[in-house]
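Only one structure is covered here, and it is reproduced in the block below.
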Amino acid sequence: MSEGTVEELQERVHQLEENLRKVKSLDELTGLYNRNTYYDRVRCRFENEPDREYVIVCFDVEKFKFVNDRFGFVEGDRLLSYIGKKLQERAAKYGLVAARLSGDVFSFMDFEENIQPDALGAEIQSWVKDYPIDFEIRMTVGIYHVKTKNIPVRLMCDRASFACESIKNNYLVNVAEYNESVKNYVFSQHELLNESERAFENHEFKVYLQPKYDIRTTKVMGAESLVRWQHPEKGLIFPKDFIPMFEQNMLITKLDEYIWEESCRILRDYIDKGYTAVPISVNVSRMDIYSLDLSKIFVNLTDKYNIERRYLEIEITESAFTSDEEQILKAVDELRELGFIVLMDDFGSGYSSLNMLKDISVDVLKIDTRFLEAGRDGNTKGKEILESVIKMAKWIGLSVIAEGVETDEQKNFLLDRGCNYAQGFYFSRAIDEESFGKLISDPNNVASENLDNVFDNTIEIEELLHSDFMTEGLLNNILGGVALYSLSNDGNKLNVLKANEFYYSITKNYPKNVTAGGYDGLENLHPDDREKAIKAFRESKMAGNKGVSVQVRNVFGEDVIWLSIKIFYLASREDCSIYYASVSNSSEQMGVLNKLNMLRRSFETALDLIDAIALEYYFINNTIDVKTKLAEGHSYMFGTYIQNALEYILDNKIVHHDSMDEYKILCKHLKKSDKPISVVLDLLYKEDMYNRCKVTAKTVYGNGKRIKSVIVIESTGLDVKP
């Protein structure tokens, strides 16, 4: 062997060894250092530059386990890789050491002079601001200021992680610095977490009920179910001290289900004792909606305890409606159709609250306490918002409950504005099961009627058109595009009576000739859509607080835009009816829809030429939609729309027992990958007759989450014995 060849081999061996060292030192997913290498590199930096002052930063994705559960591990890994790249960019810019320690936990060593805690927290949060996923990603950041370099780097990271843990579910801040109080808090949280299983087994979680009152009579008309932890050694622990920890560790759904059942048990006990029954509302989180079959659970509970469904009310916080709206709205509609009353809790805590009502069908609004707080010290802004919310709710048939009422002044303000229901310390704190039972055991303490839930048809046209209404800048900023319309009794004349600035901006309908009766609302609508618009206004009279939605084209010059209009009937006059409408520009959505329809027609035409069928399986509600017809004689026992699809397939033995292994492989792949897959399955197509088919499928993602799987089934023509 020549000398050159030996040298080449030695070089190759050296290169392989170097590559192996890199592989062993790096995190495979992100390319950052792994834990042990990070500890070594940080220690080396300390030794090489001993005079510099350092910090150790740890940060993670709050509720990352939920991201994995909701969107799948593929999307979870994609998010971690994305964050890893952002961290690599920062490390390269400032010459830092950075790592992925485990799971969703990242860390980097920085220099004290670079660190401004609030700015750092904002920077790390900005990394995921535009990440394409239908979920609010929140980063929590912990900082440890290195005072002595003699302790292990691992311990420094632990302390930064403690700081990070201390602010979980605290949405006011996303960065914390380590100190002894942080350490004590985290230790106490871990102690409670370790005791939680025992607490469930021993029924240490107790339902406390905060009464809701009819302000007009000061009588009880319901209660909200809250939780306290009756700890055997620490005494009564309030939710703020353990709920964040339960949310962080995915125990919140277990606790919620526990409280729901306890509330039903309490209701049953009150009824058996002969007390006047009042509704008890339970809280439902966004996590509950994503991970539980709420309709099934609540139906089973009310059946188990033989309770009328109207007595178990469901409170869903407003923030839940701002993410994955389709699933939230579906859950709400199902619950209401089953006879449950649904309340939107913390209404007004978001930024587009009133405009949200165009898409959401609930029964009751619970007003966020900040409205009342904003009305103190002579500040009228909060009172103006509150008054507008109450008016709007009454016009579209919703009841309003004010939360956090603490003073006589607040109570009187609400009563004067037509808000008849409230809860808060002014009336009563949350009380235990026995105390609430004593309260309602006296019929004189209980309101004789349930919530008002009727339209306010006493509205005067002068009130609607008052100069302070709809033109006030405050309302312009809250409502989005809204207008008041009148439709003549003969249906020939649709006028815009009043509109806000956003309405004009969206529709481009800047009126030229405005009379006392408004201006023509049909003039700029496409001629083919005018009759459709009038029909929608008429139908809204019968729709109650659900309203009616319609898509119409608005024409100005040579341009055409699509408008999505949600219409609510308000009141009747002698010669017309009055409506409130929320308007948004839907041109982009309609353009996408039209393209999809064209593609679908082309796809269906192609499938008609072969012996095949196209299906769409929707993960969100476990349904199959059959999109094309099969060739004559091949129905595979499918209808055009199948609910409880996975159960249907198994119960009806659609898949031959010899094909079950391949079927399981198909299902597993579709849940975890967006790559196409093909398998051969023997499928039922007539009674006791199977046909061998090639099944090709691909999962479609949208906004970072699984939407549906598109499945094409091609018959091979080979029949298989049962």
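The values are calculated or read from the model by the stated rules, or taken from the named source; none is laboratory data. No experiment lies behind these values; they were computed from the predicted model shown. Note: ideal-geometry Cβ built from the backbone for every residue, glycine included; neighbour counts use all protein chains shown.
Matching residues to (1) surrounded by fewer than 18 Cβ atoms within 10 Å (Cβ to Cβ); (2) outside the structural domain of Glu409 (by TED's automatic domain parsing); (3) at pLDDT below 80; (4) in a loop (DSSP other than H, G, I, E, B):
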| residue | (1), (2), (3), (4) |
| --- | --- |
| Phe425 | yes, no, no, yes |
| Leu451 | no, yes, yes, yes |
| Phe469 | yes, yes, yes, yes |
| Leu475 | no, yes, yes, no |
| Tyr503 | no, yes, no, no |
| Lys512 | yes, yes, yes, yes |
Selected residue [assigned by TED's automatic domain parsing to the domain that holds Glu233 and out of contact with any Leu (no Cβ under 7 Å at 6 or more places or on another chain)] from Asn184, Asn194: Asn194
Residue identified as at pLDDT 80 or above and touching a strand residue (DSSP E or B) at 6+ places or on another chain (Cβ under 8 Å) among Leu630, Leu650, Leu681, Leu607: Leu681
Candidate set from segment 251-291 (those that are under 22 Å from Glu136 (Cα atoms), touching a strand residue (DSSP E or B) at 6+ places or on another chain (Cβ under 9 Å) and of a type in the set (A, V, I, L, M, F, W, C)); member that is surrounded by the most Cβ atoms within 10 Å (Cβ to Cβ): Val284
Residues of segment 36-71 that turn out to be in a loop (DSSP other than H, G, I, E, B), more than 36 Å from the chain's Cα centre (by Cα) and either closer than 29 Å to Lys671 by Cα or among the charged types (D, E, K, R) (or both), as a count: 4
When residues of segment 170-190 are limited to those that are assigned to a loop (DSSP other than H, G, I, E, B) and within 30 Å of the chain's Cα centre (by Cα), the one surrounded by the fewest Cβ atoms within 10 Å (Cβ to Cβ): Leu172
Ile83 vs. criteria of a type in the set (Val, Ile, Thr), under 20 Å from His145 (Cβ atoms) and in contact with a Ser or Thr (Cβ under 9 Å, 6 or more places away or on another chain): no
Single residue of Glu28, Glu62 found to be surrounded by 10 or more Cβ atoms within 10 Å (Cβ to Cβ), assigned by TED's automatic domain parsing to the domain that holds Glu136 and at pLDDT 80 or above: Glu62
Strands (runs of 3 or more DSSP E) contained in segment 295-394 and holding at least 3 residues of a type outside the set (A, V, I, L, M, F, W, C), in the same structural domain as Tyr258 (by TED's automatic domain parsing) and at pLDDT 70 or above: 312-317
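A quick yes/no check of all residues on (1) surrounded by fewer than 17 Cβ atoms within 10 Å (Cβ to Cβ); (2) farther than 30 Å from Arg310 by Cα:
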site: Ser196; (1), (2): no, yes
site: His203; (1), (2): yes, no
site: Thr217; (1), (2): yes, no
site: Pro232; (1), (2): yes, yes
site: Pro239; (1), (2): yes, no
site: Phe242; (1), (2): no, yes
Considering residues of segment 135-169 that are among the aliphatic types (A, V, I, L, M) and part of a loop (DSSP other than H, G, I, E, B) only, the residue surrounded by the most Cβ atoms within 10 Å (Cβ to Cβ): Ile167
In segment 91-116, residue surrounded by the most Cβ atoms within 10 Å (Cβ to Cβ) [restricted to those that are over 14 Å from Arg41 (Cβ atoms) and either among the hydroxyl-bearing types (Ser, Thr, Tyr) or in contact with a strand residue (DSSP E or B) (Cβ under 7 Å, 6 or more places away or on another chain) (or both)]: Phe106
